[in-house]
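The values are calculated or read from the model by the stated rules, or taken from the named source; none is laboratory data. Because the structure is a prediction, the values reported are computed rather than measured. Cβ: placed from backbone, ideal geometry, glycine included. Neighbour counts: every protein chain shown. In case anyone asks, the SASA skips ligands and DNA or RNA and just uses the protein heavy atoms, side chains included. Shrake-Rupley method; radii C 1.70, N 1.55, O 1.52, S 1.80 Å.
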Amino acid sequence: EQFVSSGIYLLLQNPVNKNEIMAFLFNGNICYSYDFGDTWELRSENYFDIINGKYHPTDPNIIIVGITGPEEAIYYSTFMISFDNGFSWEIIDMNFDGAAGIAYHYSNPDIIVVNGWKVMKSVDKGKSWEIVYRNGGAKPEYTINYIEFDKRGSNRLYGTKWDTSKYQTQNQLYYSDDFGATWVELCEISLEEDDYVIDFVQHDNNIYTYSK
């Protein structure tokens, strides 16, 4: 009945307890199921809209979500983190803006990178953060959007190019070997006119893209 007046925007599965699912609703509320969706309870009430989100891969108490707040708020697009499985949340950086990607390091998941108009890194599961890259202040023409660490365990990040005026990804893949401070074009993807990359996934030495 929690979903009668509001649809579900995002579902996250607990990485340790697979029967537990967190649902982020369009009205900003968060609901939780302990039995794979048979029953639900209200976990927390909020006033932000979810952009994306990811559980920490080994610590189910830690969740990071990208959010947009009301336009009159100090923050408009930023990241929030929970250390108690979604019961309470705190803002990572009120002046972030342009929140886009979340990546956990595969061989050392204590290392987390979030990016948008700037890039921030944590080496202690999100307890503290340092700025890796900061845009000059004006809205950039392009940024890096979806990001993932190399699944083979290296420090390499992969990301897609984002057109901030069209609000969609472009057809280039990039990589960074310095946690997002600088990016190098990896390849250009051949797409039909007006198509764009939605997401990508790495399998062994190959990267596969989804487009529309």
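Brief remarks on what is shown
- Subset tally (residues that are free of Cβ contacts under 8 Å to residues at least 40 places away in the same chain and not charged (D, E, K, R)) for segment 86-107: 5
- Scope segment 22-76; condition assigned to a loop (DSSP other than H, G, I, E, B), open to solvent by less than 10 Å² (accessible area, probe 1.4 Å) and at pLDDT 90 or above; matching residues: HIS56, ILE62
- GLY126 passes every criterion in (1) at pLDDT below 85; (2) touching a strand residue (DSSP E or B) at 6+ places or on another chain (Cβ under 6 Å); (3) small (Gly, Ala, Ser) apart from (1).
- Lone unmet requirement of (1) at positive phi; (2) at pLDDT below 80; (3) open to solvent by 30 Å² or more (accessible area, probe 1.4 Å) for ALA138: (1)
- For segment 150-168, the criterion of a residue being at positive phi and modelled with pLDDT of 80 or more is satisfied by at least one position.
- Within segment 187-207, restricting attention to residues that are surrounded by 15 or more Cβ atoms within 10 Å (Cβ to Cβ) and assigned to a strand (DSSP E or B), the residue that is modelled with the lowest pLDDT is VAL197.
- Residue list for segment 10-21, filter: open to solvent by less than 60 Å² (accessible area, probe 1.4 Å) and under 23 Å from ASN145 (Cα atoms): LEU10, LEU12
Let's see how each residue does on (1) assigned to a loop (DSSP other than H, G, I, E, B); (2) of a type outside the set (S, T, N, Q); (3) buried (at least 22 other Cβ atoms within 10 Å of the Cβ):
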residue: ASP84; (1), (2), (3): yes, yes, no
residue: PHE87; (1), (2), (3): yes, yes, no
residue: ASN95; (1), (2), (3): yes, no, no
residue: GLY98; (1), (2), (3): yes, yes, no
residue: SER107; (1), (2), (3): yes, no, no
residue: ASP110; (1), (2), (3): yes, yes, no
residue: VAL114; (1), (2), (3): no, yes, yes
residue: LYS121; (1), (2), (3): no, yes, no
residue: LYS125; (1), (2), (3): yes, yes, no
